[in-house]
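Take a look at the structure set out below.
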Amino acid sequence: MKTLRLRLLVTIGASFALFWALSSVWTLVDLRDEFRDALDERLAASARMVAALIADSPHLSVQPGSRGASPIPYLVRTDNVACEIRLLRGGIVGRTENSPDRLGLVSPGYRTRVIDGVTWRSYTIEHNGMRITTADKTERRQQLFRNIAFATFVPFLVAMAATLIALWFAVRHGLRPLERIRVALEAREPGALH
């Protein structure tokens with residue numbers, strides 16, 4: 001009887017564990033892609049917002065024939081998204097304090113690159129004679145993803161453990177009538193058929 005109970009527990013438990021593991025891996029892969037896309041869209045939205053602010057502020061726009069405004073050392077103090085505004089002719093109009101050198105020296109679109117030993121994910125647009133680049137550190141992205149993955153996996157682990165415990169109780173309870181029959185048959189004499 002213990003062998004039957006053990007076989008049932010192992011077979012059904014392994015099936016549940018495999019199901020939960022595959023489900024959580026699938027969720028994690030999908031979550032990683034959605035997370036990356038959301039952070040990339042945030043970079044693009046930030047760059048478009050800066051471009052719109054510059055277009056709406058005539059004193060920040062580059063006038064035809066002008067050399068551009070004198071460099072502004074830092075636009076804003078931030079530890080999150082870095083931003084650099086460059087003239088297409090090469091001069092820096094402004095940047096955030098956390099912006100690395102050479103951040104805006106790229107063609108438009110998304111890029112992942114290493115600057116001074118730090119890996120950055122950036123988005124660049126060109127608008128009204130300026131190149132606007134927004135970026136964040138991939139290390140920060142990875143840390144955020146690890147935190148989200150951990151918060152996502154804890155419920156999966158709890159649910160899997162609860163399922164296996166419930167399975168153990170269900171198999172034990174479900175096989176109780178067979179256990180009683182086994183005990184009754186064991187108590188009889190070998191020749192007693194009634």
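For the structure I just gave you, tell me whether residue 96 is open to solvent by 60 Å² or more (accessible area, probe 1.4 Å), of a type in the set (Ser, Thr, Tyr) and either at pLDDT 85 or above or under 30 Å from residue 181 (Cβ atoms) (or both).
no
Hey, could you check region 144-167 for residues that are among the aromatic types (Phe, Trp, Tyr) and at pLDDT below 85 and say which is surrounded by the most Cβ atoms within 10 Å (Cβ to Cβ)?
If we take residues in region 144-167 being among the aromatic types (Phe, Trp, Tyr) and at pLDDT below 85, then 156 is surrounded by the most Cβ atoms within 10 Å (Cβ to Cβ).
Go over the candidates 52, 21, 38, 44 one by one and state the one that is under 29 Å from residue 157 (Cβ atoms) and either modelled with pLDDT of 85 or more or not in a helix (DSSP H, G or I) (or both).
38
If I filter region 110-137 down to residues being out of contact with any helix residue (DSSP H, G or I) (no Cβ under 9 Å at 6 or more places or on another chain) and in a loop (DSSP other than H, G, I, E, B), which single residue comes out as least open to solvent (accessible area, probe 1.4 Å)?
129
List, please: which pairs have Cβ atoms under 8 Å, are six or more places apart or on different chains, and start with a residue in region 128-139 that is under 14 Å from residue 94 (Cβ atoms) and of a type in the set (Lys, Arg) and end with one that is modelled with pLDDT of 95 or more and buried (at least 16 other Cβ atoms within 10 Å of the Cβ)?
Filtered contacts from region 128-139: 131/124; 131/125.
I'd like to verify a number: residues in region 179-194 that are of a type in the set (A, V, I, L, M) and open to solvent by less than 80 Å² (accessible area, probe 1.4 Å), how many?
3
Can you run down the residue pairs with Cβ atoms below 8 Å, 6 or more apart or on separate chains, where the first is in region 103-120 and among the hydroxyl-bearing types (Ser, Thr, Tyr) and the partner is exposed (fewer than 13 other Cβ atoms within 10 Å of the Cβ)?
Note: pairs meeting the criteria are 119/112; 119/139.
The values are calculated or read from the model by the stated rules, or taken from the named source; none is laboratory data. What you are looking at is a predicted structure, and each value in this text was computed from that prediction instead of being measured. Counting neighbours? That spans all protein chains shown, and the Cβs are built from the backbone with ideal geometry, glycine included. What goes into the accessible areas is simple: the full protein's heavy atoms, side chains included, and nothing from ligands, DNA or RNA. Shrake-Rupley method; radii C 1.70, N 1.55, O 1.52, S 1.80 Å.
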